[in-house]
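Shown next, in structure tokens, is the structure this report addresses.
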Amino acid sequence: QVQLAESGGGLVQAGGSLRLSCVASGSTFSIRAMGWYRQAPGKQRELVAIITSGGITNYAESVKGRFTISRDSAKNTVCLQMNSLKPEDTAVYYCKALDPYTVTWGQGTQVTVSS
């Protein structure tokens, strides 16, 4: 099984930047894709960005050009660089891992962007 540990959330003013990290442990050899999702109060959880084991990426239209997802296979880590942050980016951000059998979610990290 896989365990995920997220970090890097915090409070930042509009226009600022944050870098989120997600470290995978356990049976990491089976992971096929990892991604970041977010959920704001009263809203549905939504995709932010994903990256496959082959390096293919996909982004939500609302973050394209501002956020970048990357991976470090040697460290079993996926990161999300968040630039030009807006108040509407405020949410709990969750790391997700997909293997052939299960989906694993991290605990979440709070990102708050003030006006």
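May I ask you to derive the relative contact order of region 48-115, considering only C-alpha pairs under 8 Å and at least 6 residues apart, and to give it as an integer percent? Mind showing how you got there, number by number?
Details: 85 pairs, mean separation 14.9, N = 68.
With pairs under 8 Å counted, the relative contact order is 22 percent.
Given a 1.4 Å probe and the protein chains as shown, Lys86 ends up with an accessible area of around 80 Å².
Based on the Kirkwood radius over alpha-carbon pairs, what is the Stokes-Einstein translational diffusion coefficient of region 1-49 at 20 °C with 1.002 mPa s viscosity, in µm²/s?
164 µm²/s
With coordinates expressed along the principal axes, the C-alpha atoms belonging to the chain extend over 42, 26, 22 Å, beginning with the largest.
Exactly which GluC sites (Glu not before Pro) in region 1-93 are in a DSSP loop and have at most 10 other Cβ atoms within 10 Å?
On the way: sites: Glu6, Glu46, Glu61, Glu88; in loops: Glu61.
Those satisfying the criteria are Glu61.
Using a Gaussian network model of the chain in which every pair of alpha carbons under 10 angstrom is joined by a spring, one finds that among Val23, Val103, Val48 the greatest mean-square fluctuation is at Val103.
Below 8 Å, C-alpha to C-alpha, sequence gap of six or more: please give me the relative contact order for the chain in percent. Don't jump to the answer; show the numbers that get you there.
Values: 276 pairs, mean separation 41.6, N = 115.
Relative contact order for the chain comes out at 36 percent.
Determine, at each q value in 0.23 (inverse angstroms), the log₁₀ of I(q)/I(0) that the Debye formula gives when each Cα of region 51-113 is one equal point scatterer. Debye curve over Cα of region 51-113, log10 I(q)/I(0) at q = 0.23 Å⁻¹: -1.21. Charged side chains reduced to their Cβ positions (Lys and Arg at +1, Asp and Glu at -1) give region 33-115 a dipole of some 60 debye around its Cα centre.
The values are calculated or read from the model by the stated rules, or taken from the named source; none is laboratory data. From a predicted model like this one, the values you see are computed outputs, not experimental measurements. A quick note on method: Cβ atoms are made from the backbone with ideal geometry, for glycine too, and the neighbour counts reach across all protein chains shown. Note: areas computed on protein heavy atoms with side chains; ligands, DNA, RNA excluded. Shrake-Rupley method; radii C 1.70, N 1.55, O 1.52, S 1.80 Å.
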